[in-house]
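This report refers to the structure that appears directly beneath it.
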Amino acid sequence: MGKRDKTRFEKWFSLSRHQRRTGAKELSSLILSNFKSQKTQILLGDEVVYTQGSSNSLEEHFTALRDEFVGQSELCYTHAKIIVLIRREFEVKNHFQLFEQLWTEEKYFLLENLNTRWLMAAADTFADYSDNDAIKSLSIACICLLNTIKIQESERFLTNAQNNKDDTDKQTKLDDEQRFALFDGTSVFKFGTDDTLRNMRWRLDKAAEINIAGEILLEIFKRLQNFDTVYKRTKDRHIRDKTAWW
């Protein structure tokens, strides 16, 4: 049994929890809901600096967070600030409603302009606070997909597996329809021709028609084909147009 999340009662007596919300009311009041006008406002700065962890001081965290969005739209930064306030449990109901309003009004802009880190943060937020079971479920699917890729690529980084070469003998055997077991009844993916990912893409297309979480899920999946991930490398090995998934 894994460690459980703290109850609301336990969280109430957490000193750091209260420290992390200090100043939230004033900072929250500075978040404007005129989303359309914010799209064209670009944040100026010298360079993009990603946050690692977060300060107990909300004001300091917002200041550091701004550097993540240098050169990007003010609206992407607003989206991040709303999520931070929800995570710090400040007027969660009000801020989640604002979060939902933002996604309702500016869904296409956010899907195009948020990086994958903040699409994942959006999925986390929907999974934690949405009253819609379909949205919660598809958000968890987003989380499972990206976290699986994250740990797989991180292991590849840690073990220097990126320096390994394809085994041509194994590829030949796969081409000859030989089956190799992986675990618990699953078998090795047949690189080059397999239709598994094409069929999965068709299902994702249908899921994207259900709600915004389905659209986020599809957007994350499409991005995985463009960056150096196992999906991109699988795509690069693929030779059968009929079973392409991108």
*Using only Cα atoms, tell me the angle between helix 74-87 and the longest principal axis of the chain; keep it within 0 to 90° and round to the nearest 10.*
80 degrees
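Of the peptides 194-200, 66-72, 167-173, how do they stack up when ordered by the mean number of other Cβ atoms within 10 Å, highest first?
66-72, 194-200, 167-173
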_0 to 90° range, to nearest 10: angle between helix 196-208 axis and the chain longest Cα axis_ = 30 degrees
*What is the set of long-range amide H partners of T229 at a cut-off below 5 Å, with H atoms built 1.01 Å from backbone N?*
none
*asked:* So for the range 132-226, if I pair up every lysine 8 or more residues apart or on another chain, how many of those pairs have alpha-carbons under 17 Å apart?
replied: 7
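Please report, in debye to the nearest 20, how large the charge dipole of the chain is about its Cα centre when each Lys and Arg carries +1 at its beta carbon and each Asp and Glu carries -1 there.
Numbers: 38 positive and 38 negative charges, 92 e Å.
Around 440 debye, computed over the chain.
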*Where the only charges are on Cβ atoms (+1 Lys, Arg; -1 Asp, Glu), what is the dipole of the range 91-228 about its Cα centre, to the nearest 20 debye?*
220 debye
*What share of all Cα pairs of the range 138-243, in percent, falls into each consecutive 5 Å distance bin?*
2, 10, 17, 21, 22, 16, 8, 3, 1
_Relative contact order (%) - the chain, alpha-carbon pairs under 8 angstrom, separation at least six_ = 15 percent
*In Å, descending, principal axis extents of the Cα set of the chain*: 66, 45, 39
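Computed from the coordinates by the stated procedures, all read-outs in this text should not be read as laboratory data. Source: prediction; values computed, not measured. As a convention, Cβ positions derive from the backbone with ideal geometry for all residues, glycine included, and neighbour counts pool all protein chains shown.
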